[in-house]
Amino acid sequence: MTKKKEKTKKQYIIDFFKNEENHNKYFQLSEMDSEIKTAYEKDTGSNKIYTHRTIRNLPKYGDSQLNGIVEKSKRGTYIFRPGKKRVKLKSPFNQLTKNKIKKRDNYQCQWCKKKETQKEPLAVDHIIPEDDGGEGIYENGITLCTVCNNRKKNLKTSSFGKNMFKNYLVVSKKNKDEKAEKFLNDLLKVYEKHNLE
Ligand SMILES: [Zn+2]
């Protein structure tokens, strides 16, 4: 018998999902557990392998070895979908955080300084967008009026600011306002430094 290279317990779980026969099929935790246990026992003679927690974490955290994602169905079964990419988790602000951010921002749009009115309530938006992993936390919130919020809807917050400064730079150059020009050039360098497109 040739000596096998030491394989981690987790590897047995990952290998279950890497096996093409198991792709695109729904499995109960118990079904997977028994199959993985069998494979583990065959190699090691022991059945002391616990699979449930590792499998439960896969839909949330994934695994770099898996070219695809493990999804959990509403019925509590799991399925491996090869080639599919993970959807980034959304992180909205809760009402309490929204209130705190609005208060901090003095109930004013932070772009155009418009005050909140009953007719036009202000919105709280992510500074680092959700798609870039920006969280719905106090530090990552900014108060905007609906006009400014709509204007930047399809732009990232950073590019909204950057574009505004860029436009203003063109105006400053046209007006030969050297002081403003220097200031704006410095500002735009900060965007570059932080890789904000
Ligand atoms: Zn505004």
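The values are calculated or read from the model by the stated rules, or taken from the named source; none is laboratory data. Not measured: the values here are computed from a predicted model. Neighbour counts run over all protein chains shown; Cβ positions are idealised from the backbone, glycine included.
Among residues of segment 94-113 that are not assigned by TED's automatic domain parsing to the domain that holds GLY136, none has a Cβ under 7 angstrom from a residue that is within 16 Å of the ligand (Cβ to nearest atom) at a sequence gap of 6+ or on a separate chain.
Figure legend. Inter-residue proximity from segment 133-158: first residues modelled with pLDDT under 80, second residues within 13 Å of the ligand (Cβ to nearest atom) and not polar (S, T, N, Q), beta-carbon distance below 6 Å, spacing 6+ or different chains. Indicated pairs: LYS152/PHE160.
Which residue is farthest from the ligand (Cβ to nearest atom), if the candidates are limited to segment 69-100 and must be over 21 Å from the mean Cα position of the chain (by Cα) and among the β-branched types (Val, Ile, Thr)? If we take residues in segment 69-100 being over 21 Å from the mean Cα position of the chain (by Cα) and among the β-branched types (Val, Ile, Thr), then THR77 is farthest from the ligand (Cβ to nearest atom).
Restricting attention to segment 1-20, the residues that are assigned to a loop (DSSP other than H, G, I, E, B), within 24 Å of GLU71 (Cα to Cα) and either more than 34 Å from the chain's Cα centre (by Cα) or of a type in the set (Phe, Trp, Tyr) (or both) add up to 0.
With the requirement that a residue be acidic (Asp, Glu) and away from the ligand (no atom under 16 Å from the Cβ), what does segment 113-145 give you? Even if it seems obvious, please write down each step before you answer.
Filtering segment 113-145 down to residues acidic (Asp, Glu) leaves 116, 120, 125, 130-132, 135, 139.
Within segment 113-145, GLU130, ASP131, ASP132, GLU135, GLU139 qualify.
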